[in-house]
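Colleague: Here's a structure for you.
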Amino acid sequence: MSTPAQAPLLSINALRFRWPKAGADCLAIDRFELQRGETAFLRGPSGCGKSTLLSLVAGVLTANRGSVRLLGHDWQELSSARRDRLRADHVGYIFQQFNLLGYLSVLDNVLLACRFSARRAGQAGDARQTAQRLLERVGLEAPDWRRRASDLSVGQQQRVAAARALIGRPDLVIADEPTSALDEVLRESFMDLLLQACAENGSALLFVSHDARLAPRFQRQLDLTLINQANADAGVSL
Amino acid sequence: MNMRALLIGLIVTASVVLVGALTAGSAFVPALAQTVPSSFRVISWDALAPKDWDPLKQYRDSNVGLLMDGDPKLDQMMRDMRAAWDNAPTVSAMNGAAVKLAGYVVPLDEAKGGLKEFLLVPYFGACIHTPPPPANQIIHVISKNPVKGFRTMDTVWVSGTLSTRRQESMMGTSGYRMDAVIVDRYAPPSR
Amino acid sequence: MKALFKLAVHSAWNRRFVLSLVVLSIALSTFLLLGIERIRADVRENFSQSVSGTDLIVGARTGAVQLLLYSVFRIGSATNNIRWSSVQSISQHKAVAWTVPISLGDTHRGFAVVGTSIGYFDHFRHGDQQPLILAQGQPFGSVFDAVLGADVAERLHYALGDRIVLSHGDGKMAANDHADKPFTVVGILRRTGTPVDRSVHIGLNGMEAIHLDWVAGAPLPGMAVPANQLNQYDLTPKRVTAVLVGLKNRAAVFSVQRSISEFQGEPLMAILPGVALDELWDVVGIGERALVAMSLLVALVSLAGLVAVITASLDQRRRELAILRALGAGPQQILWLLALEGTLVTLCGLLIGTGVCALTIFALGPLSGSHLGVTLRLQTLSSSEWALLGAVLASGMIASFVPGWRAYRLSLTDGLSPRI
């Protein structure tokens, strides 16, 4: 059966990418698929192109050859404006650190995702209330909501980032080493929270990290150095 | 590319704002924004002098061009001409006529909102170096609304109602007055 | 767009210390631009309102602007006077309706003294044909009567009946005072907003009386004529500085002007006040344009500062831009964000500058009137002032696209992982 509901959420085919001034490809991936609601752990050492791959998956960069499809749409075939809309509507992104706009309040940071996407705003219903509930879910109480984002601790900031990535139930959550800046205790609670929330929402999770200890929690575990056939030494390191 | 078009569009918009603001501030806006009703008949300065008026008739035959500067005959002729021009008669048919004609501005009284009274003359320098025009070629214009942005020797179209004046003065019975409704800048046609 | 606007506001507010310096700089240049334009407009209006209803001003043959300046505005001085016989010839000209001779040269404690005829109060008009009105008292009747302008009475605290002593020339040396012949204040004029306010008016006979014992501008020792012996002398003036002329028919002005310039008795000159004023503006206009050009340059410098500050801050904001891109903001929206910030800063500067200018005019307007002779008035913005503001705003908008464009390029190359 190949009904639309079972088509892969994310599908990469014959991908080739190199940075503009590089001598060789940075990424060469023949095939990679992620199903709806699937959690995938992507492991790889620094400099092998992890962040580049995530940028390609999120449609911020476009492949030189091959295709990267999200929900059946090839990023390259879309116009710049439609790409941004697709990303805003269906992708939640968590960076390693500095996820928040320091000059906005915690609540405004979470609501940012709804401001850029009408679809996610609609999914969220009453955006403010949903944001507040999400913040509670990640462990931030009402007094914190008004605080400037830059006043929070790193752990708190990462949790707010998770809330923002999750609001409005995006189809795909991309996390780029989100726990690297957290200590053990915080890391565990963050992981619990993230995986639970994704399961509740039905969001797929593409989690990138160099910390192999986190791998068992995920449905799939992948090693980027095995998937990526490009010479990791060539190209611009990140 | 979408971006380029957007940028170009934006620079054009900003430039339009700039130009619009500057134009609004310049003096090149017609003094009054009304449209000219076609009821004003465009006339030339000749129409203001009677057809048979010829103050230098007696000098037509003599060869005036041969006289030197300072020649008493020339001085006499100039004095006669001056006297004749100062007493130049008006055309009575012009009394009450609604006309439009172009000329040079000589400001008289400036009110707060702009120029209210001025003289309209047919040629440049009427107050400076050339002989003053005959009295039937000077119009004392009183504008209904004060007009801004005109200075000495600007060229304008003036539309209004003429009236002739009877005066007990060395000016004899001459003198045109116009109650002007519209005063517009005159742009000479390209030659 | 609304989201971008809120972001722009928050972001700019976050960096308010640095940006406020830019705002101040733009505010200063706006203040300069508006201030100069307002002063220019008000000076012109003041000058053009100073005399009205006078068809010709006649004086010795000097220059049109010079004659206008000293006869109406009491600026500068006459190089020569004209004879009383010439004044009489002019009054008898067929086309002349009235003449008002004026005699200048004396002062009273810094204010100009004007010797004139009683006709001055009937024929002198200003503004929109406004006549002179006496707030108190009456015009001069006897030889030593004086009528004060409003500013003179106010600044020197004079009232009717006070005695004042006039001085020859600028009045700095006491020896030039006509101390033996003081004048009595018999009238005080209502404020006109013209140089009349700053003048002391006396009769031509009074002017002649105090100079009887002076020859060529210096008092003759031993020839002083005491005040009580004056009735032995003919106090008709021999010379005056200028004559204001009104005609029966205004259209005759060219002809009368021509006959006065050809006057055989002495070299005379007649000017049309409106025309001479336009000539004055031609001269002054060069300076005005230079001032405006300077102010526009200042504005440009401020905007360059704006561009520099916002562009310099971009490096620190690459993280921020990456976050926005991850959320779905496109490069165009990043460009708009930066451009909006720049425009907001420009707008702030414009508003503050305009406000400060208005406050300054409000505070200093009356002072400038009494001390400098030009009253600055608080008014709604004129079209040329709107034009200047529009030009600055438009330039700010365009200039903001420089950091906007840079941010656009940066976000394209950085993607989600900027090289910090």
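The values are calculated or read from the model by the stated rules, or taken from the named source; none is laboratory data. These numbers come from a predicted model, not from an experiment. Quick reminder, even Gly has a Cβ in these numbers, built from the backbone with ideal geometry, and neighbours come from all protein chains shown.
Colleague: Would you pick out the residues in region C:92-106 that are of a type in the set (A, V, I, L, M) and not in a loop (DSSP other than H, G, I, E, B)?
Modeller: Within region C:92-106, C:Val96, C:Ala97, C:Val100, C:Ile102, C:Leu104 meet the criteria.
Colleague: Look at A:Thr39 and say whether it is farther than 18 Å from C:Ser411 by Cα and of a type in the set (Ser, Thr, Tyr). Walk me through how you get there before you give the answer.
Modeller: Numbers: farther than 18 Å from C:Ser411 by Cα: yes; of a type in the set (Ser, Thr, Tyr): yes.
So A:Thr39 passes the test.
Colleague: When you check A:Leu112 against the structure, is it touching a Lys or Arg at 6+ places or on another chain (Cβ under 7 Å) and not charged (D, E, K, R), yes or no? Spell out how you get there, then give the answer.
Modeller: Values: touching a Lys or Arg at 6+ places or on another chain (Cβ under 7 Å): yes; not charged (D, E, K, R): yes.
Judged against the criteria, A:Leu112 is a match.
Let's see how each residue does on (1) aliphatic (A, V, I, L, M); (2) at pLDDT 90 or above:
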residue	(1), (2)
C:Val307	yes, yes
C:Thr311	no, yes
C:Gln316	no, no
C:Glu320	no, no
C:Leu324	yes, no
C:Pro331	no, no
C:Trp336	no, no
C:Thr343	no, yes
C:Cys348	no, yes
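Colleague: On the basis of being in contact with a helix residue (DSSP H, G or I) (Cβ under 7 Å, 6 or more places away or on another chain) and touching a residue at least 40 places away in the same chain (Cβ under 8 Å), does C:Ile82 make the cut?
Modeller: no
Colleague: Within region C:399-419, does at least one residue satisfy the condition of being at pLDDT 90 or above, within 22 Å of C:Leu28 (Cα to Cα), assigned to a helix (DSSP H, G or I) and not charged (D, E, K, R)?
Modeller: Among the residues of region C:399-419, at least one is at pLDDT 90 or above, within 22 Å of C:Leu28 (Cα to Cα), assigned to a helix (DSSP H, G or I) and not charged (D, E, K, R), which makes the answer yes.
Colleague: Can I ask one more? In region C:254-275, how many residues are facing chain B (nearest Cβ under 7 Å) and of a type outside the set (Lys, Arg)? Spell out how you get there, then give the answer.
Modeller: In the first step, residues of region C:254-275 are kept if they are facing chain B (nearest Cβ under 7 Å); the result is C:254-255, C:257-258, C:272, C:274-275.
Checking which are of a type outside the set (Lys, Arg) leaves us with C:254-255, C:257, C:272, C:274-275.
So the answer is 6.
Colleague: Another question, then. Whether any residue in region C:245-253 is within 14 Å of chain B (Cβ to nearest Cβ), closer than 15 Å to C:Ala60 by Cα and either of a type in the set (Asp, Glu) or in contact (Cβ under 8 Å) with a residue 60 or more places away in the chain (or both) is what I want to check.
Modeller: Within region C:245-253 (the criterion being within 14 Å of chain B (Cβ to nearest Cβ), closer than 15 Å to C:Ala60 by Cα and either of a type in the set (Asp, Glu) or in contact (Cβ under 8 Å) with a residue 60 or more places away in the chain (or both)), the answer is yes, since at least one residue qualifies.
Colleague: Another one. Which residues, taken from region B:143-154, are surrounded by fewer than 16 Cβ atoms within 10 Å (Cβ to Cβ) and either more than 10 Å from chain C (Cβ to nearest Cβ) or modelled with pLDDT of 90 or more (or both)?
Modeller: Result: B:Lys144, B:Gly149.
Colleague: Among the residues of region C:128-141, what is the count of those that are surrounded by 15 or more Cβ atoms within 10 Å (Cβ to Cβ), within 14 Å of chain B (Cβ to nearest Cβ) and touching a strand residue (DSSP E or B) at 6+ places or on another chain (Cβ under 6 Å)? Give the steps one after another, and end with the answer.
Modeller: We begin by selecting, within region C:128-141, every residue surrounded by 15 or more Cβ atoms within 10 Å (Cβ to Cβ); these are C:128, C:130, C:132, C:136-137, C:139-140.
Okay, now just the ones that are also within 14 Å of chain B (Cβ to nearest Cβ), so C:128, C:130.
Now drop any that are not touching a strand residue (DSSP E or B) at 6+ places or on another chain (Cβ under 6 Å), which leaves C:128.
Going through region C:128-141 one residue at a time, the tally reaches 1.
Colleague: How many residues, within region B:128-162, are in contact with a strand residue (DSSP E or B) (Cβ under 9 Å, 6 or more places away or on another chain), not in a strand (DSSP E or B) and not basic (Lys, Arg)?
Modeller: Restricting attention to region B:128-162, the residues satisfying the condition of being in contact with a strand residue (DSSP E or B) (Cβ under 9 Å, 6 or more places away or on another chain) are B:132-133, B:135-162.
Still in the running and not in a strand (DSSP E or B): B:132-133, B:135-138, B:148-154.
Restricting the remaining residues to those that are not basic (Lys, Arg) gives B:132-133, B:135-138, B:149-150, B:152-154.
Residues that pass the stated criteria total 11.
Colleague: Go through region A:99-123 residue by residue and tally those that are facing chain C (nearest Cβ under 9 Å) and surrounded by fewer than 18 Cβ atoms within 10 Å (Cβ to Cβ).
Modeller: Number satisfying all stated conditions: 1.
Colleague: Enumerate the pairs (first residue in region C:6-34 and free of Cβ contacts under 8 Å to residues at least 60 places away in the same chain; second residue anywhere and loosely packed, with under 15 Cβ neighbours inside 10 Å and not charged (D, E, K, R)) with beta-carbon separation below 6 Å, excluding pairs fewer than 6 apart on the same chain, so at least 6 apart or on different chains.
Modeller: Partner pairs satisfying both residue conditions: none exist.
Colleague: Out of all the residues in region A:229-237, is one or more among the charged types (D, E, K, R) and either within 16 Å of the chain's Cα centre (by Cα) or in a helix (DSSP H, G or I) (or both)?
Modeller: no
Colleague: Quick check on region C:374-389. Is at least one of its residues more than 20 Å from C:Ser302 (Cβ to Cβ), buried (at least 21 other Cβ atoms within 10 Å of the Cβ) and within 14 Å of chain B (Cβ to nearest Cβ)?
Modeller: no
Colleague: Within region A:51-84, can you find the residues that are in contact with a Gly (Cβ under 7 Å, 6 or more places away or on another chain) and facing chain C (nearest Cβ under 7 Å)?
Modeller: Hits for region A:51-84 are A:Ser55, A:Val60, A:Leu61, A:Ser80, A:Ala81, A:Asp84.
Colleague: Assess whether C:Val275 counts as being modelled with pLDDT of 85 or more, touching a Cys at 6+ places or on another chain (Cβ under 7 Å) and surrounded by 18 or more Cβ atoms within 10 Å (Cβ to Cβ).
Modeller: Yes: the conditions hold for C:Val275.
Colleague: Looking only at residues that are among the acidic types (Asp, Glu) and closer than 18 Å to C:Val72 by Cα in region C:94-148, which one is modelled with the lowest pLDDT?
Modeller: C:Asp128
Colleague: May I pose another question? Are any residues in region C:10-29 of a type outside the set (Gly, Ala, Ser) and more than 14 Å from every other protein chain (Cβ to nearest Cβ), and if so, which ones? Don't jump to the end; show me each part of the working.
Modeller: Start the filter on region C:10-29 by keeping residues that are of a type outside the set (Gly, Ala, Ser), which leaves C:10, C:13-19, C:21-24, C:26, C:28.
Within region C:10-29, C:Leu21, C:Val22, C:Val23, C:Leu24, C:Ile26, C:Leu28 qualify.
Colleague: Still on this structure: In region A:202-228, what count of residues is obtained for those that are modelled with pLDDT under 85, in contact with a strand residue (DSSP E or B) (Cβ under 9 Å, 6 or more places away or on another chain) and outside any loop (DSSP other than H, G, I, E, B)?
Modeller: So the answer is 4.
Colleague: Residues that are in a helix (DSSP H, G or I) and more than 14 Å from every other protein chain (Cβ to nearest Cβ): does region A:161-183 have at least one?
Modeller: no
Colleague: I've got another one for you. Yes or no: region B:163-180 includes at least one residue that is modelled with pLDDT of 85 or more, part of a loop (DSSP other than H, G, I, E, B), under 12 Å from the mean Cα position of the chain (by Cα) and within 13 Å of chain C (Cβ to nearest Cβ).
Modeller: no
Colleague: Would you tally the residues in region C:315-338 being among the small types (Gly, Ala, Ser), assigned to a helix (DSSP H, G or I) and at the interface with chain A (Cβ under 7 Å from one of its Cβ atoms)?
Modeller: Final tally of qualifying residues: 1.
Colleague: Inspect all residues belonging to region C:95-114 and state whether any of them is out of contact with any helix residue (DSSP H, G or I) (no Cβ under 8 Å at 6 or more places or on another chain) and without any contact (Cβ under 8 Å) to a residue 60 or more places away in the chain.
Modeller: No, region C:95-114 contains no residue that is out of contact with any helix residue (DSSP H, G or I) (no Cβ under 8 Å at 6 or more places or on another chain) and without any contact (Cβ under 8 Å) to a residue 60 or more places away in the chain.
Colleague: Continuing with the same structure: Write out, first by first residue and then by second, each pair whose Cβ atoms fall under 7 Å of each other, whose residues are 6+ apart or on separate chains, and whose first residue, in region C:35-59, is more than 9 Å from chain B (Cβ to nearest Cβ) and crowded, with 18+ Cβ neighbours inside 10 Å while the second is among the basic types (Lys, Arg) and part of a loop (DSSP other than H, G, I, E, B).
Modeller: Listed pairs, sorted by first residue: C:Asp42/C:Arg377.
Colleague: Given the criterion assigned to a helix (DSSP H, G or I), modelled with pLDDT of 90 or more and either among the charged types (D, E, K, R) or under 18 Å from the mean Cα position of the chain (by Cα) (or both), identify the matching residue among C:Leu19, C:Leu32, C:Leu67, C:Leu28. Give the derivation first.
Modeller: Details: C:Leu19 fails: either among the charged types (D, E, K, R) or under 18 Å from the mean Cα position of the chain (by Cα) (or both); C:Leu67 fails: either among the charged types (D, E, K, R) or under 18 Å from the mean Cα position of the chain (by Cα) (or both); C:Leu28 fails: either among the charged types (D, E, K, R) or under 18 Å from the mean Cα position of the chain (by Cα) (or both).
That would be C:Leu32, the only listed residue that is assigned to a helix (DSSP H, G or I), modelled with pLDDT of 90 or more and either among the charged types (D, E, K, R) or under 18 Å from the mean Cα position of the chain (by Cα) (or both).
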